[in-house]
Amino acid sequence: MRTRPAWAGRNYLLLTGATVIANLGSSGALIATAFAVLAAGGSATDVGLVAAARTIPLVLFLLIGGAVADRLPRHRVMVAANALSCVSQGLFALLVLAGEPRLWQMALLAALGGTGQAFFAPASEGMVLASVSGEQAGRAFAVFRMGMNGANIGGTALGGALVAAVGPGWVLAIDSAAFALAGALRAFLDVSGVPVRAAGGGVLHDLRDGWREVASRRWLWAVVVQFSIVNAVVAAAEAVYGPLVAEQHLGGPGPWGLALAAFGAGTVGGALMMTRVRPHRLLLIGALCVFPLALPSAALAVPLPAGGLTAVMFGTGIAVEVFAVTWMTALHQEIPEEKFSRVSSYDWLGSLAVVPLATALAGPVQDLVGRTAALWGCSALIALLTAAVLCVPEVRRLTRRTKPEPAAGGAVSRAAGATESHTAQAE
């Protein structure tokens, strides 16, 4: 008696299981890190500095990580990155449990974790899609995303409870163990069918080659540019303006936490929907589903009551997940296998590079024009950029191939974990 779909093979199950385990740990660790800094006597500014210490190396090393992943076996890069994250989080846990950690020590260990993610993300991008047949790729990625998003929600709830019960140090230790287990699962991937890549002309040559791949596809660079701004303004609205609106108009952090949880639940619902829906015009449907990202900022600008905001966030989560699945399916279909990680690294870089600047400028912009105007500006930017992307003919015309042909450059079936660069991170 079959207990799983025919397309869910050994590699797919290993990759999905590893990602669920790692995300359960990482989601809780985000909360634990902030409370570890505060417990050590740090301020809100110190919490931000430790968060920035993780983000900066992630941005700096992404392109190099993409080039390395196209030169070395990707599953080995993923395992090595997991090992680095395991060590950094383990040392962070020991530091906190020993008592009186210093800010520079926490920032350094956070930076090591960000470096590991910079190498992991391009190596893992699209590999879940490669572990199944082309016709089932969209459904497989949707199921994978459903597990990943569920792990994020559960990990956040469990992590918060554990931080309160046993302290942040033990939660960081659990995250270290989760990375170790996830890396061990990925080490058992069957990569016997992966073609050996020819040696390239050096890292700089590979980076230039990856840039040419991005620049030659107008639909690709248009969406990357779009999300470089969209992700930045969404981050500013949710990380800076949202908590302030909640504190002054919605009743405090409780309703805001409920709204964020509703967004997470929406992503699970969207992933479930995409296991059955296979849109023909991939990017047209995906781009249309970016418009709802403008709604949370508008809801905060009004501001809507907590119930209305929660409903908006739930619907936005569904739409975001539809975009995520269609985007990754398009990349899997169109980008040559031997250049996929390099292209992915540019995609990641575009998605993350402006976020620190936007969150840093959110306060000064609010002081200059007011919070309501700033939030309406966030909504307007998202809507205008999405409308501009829909003016690109290739975005409207790119269609799903029932039986994908090898992408230009001799792509063959890809082996094996994934992450999604626009709306979430999987480790």
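The values are calculated or read from the model by the stated rules, or taken from the named source; none is laboratory data. Keep in mind the model is a prediction, meaning the values are calculated, not measured. Don't worry about glycine lacking a Cβ; one is built from the backbone with ideal geometry, like all the others, and counts go over all protein chains shown. For accessibility, only protein heavy atoms count, side chains too; no ligands or nucleic acids. Shrake-Rupley method; radii C 1.70, N 1.55, O 1.52, S 1.80 Å.
Summary table
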{"read-out": "Flag if residue 46 is buried (at least 22 other Cβ atoms within 10 Å of the Cβ), part of a helix (DSSP H, G or I) and charged (D, E, K, R)", "value": "no"}
{"read-out": "Some residue of segment 166-177 being closer than 30 Å to residue 388 by Cα, within 21 Å of the chain's Cα centre (by Cα) and open to solvent by less than 30 Å² (accessible area, probe 1.4 Å)", "value": "no"}
{"read-out": "Qualifying residue in segment 302-309 (condition: of a type outside the set (Phe, Trp, Tyr), open to solvent by less than 10 Å² (accessible area, probe 1.4 Å) and farther than 20 Å from residue 226 by Cβ)", "value": "yes"}
{"read-out": "Any hit, segment 141-148, residues being open to solvent by 10 Å² or more (accessible area, probe 1.4 Å), modelled with pLDDT under 80 and within 21 Å of residue 85 (Cβ to Cβ)", "value": "no"}
{"read-out": "Any hit, segment 313-325, residues being among the aliphatic types (A, V, I, L, M), open to solvent by less than 50 Å² (accessible area, probe 1.4 Å), at pLDDT below 85 and within 16 Å of the chain's Cα centre (by Cα)", "value": "no"}
{"read-out": "Flag for residue 123 being closer than 22 Å to residue 323 by Cβ and part of a helix (DSSP H, G or I)", "value": "no"}
{"read-out": "Residue pairs meeting the criteria (Cβ under 9 Å; at least 6 apart or on separate chains; first part of a helix (DSSP H, G or I), in segment 86-106; second among the polar types (S, T, N, Q) and modelled with pLDDT under 90)", "value": "89/26; 92/33; 106/33"}
{"read-out": "Some residue of segment 247-259 being in contact with a Ser or Thr (Cβ under 7 Å, 6 or more places away or on another chain), closer than 23 Å to residue 393 by Cβ and open to solvent by 30 Å² or more (accessible area, probe 1.4 Å)", "value": "no"}
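So that you can scan it fast, the table gives a plain yes or no per residue for (1) modelled with pLDDT of 90 or more; (2) among the polar types (S, T, N, Q); (3) more than 18 Å from residue 346 (Cα to Cα):
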residue	(1), (2), (3)
170	yes, no, yes
181	yes, no, yes
185	yes, no, yes
201	no, no, yes
205	no, no, no
215	no, no, no
223	yes, no, no
247	no, no, yes
255	no, no, yes
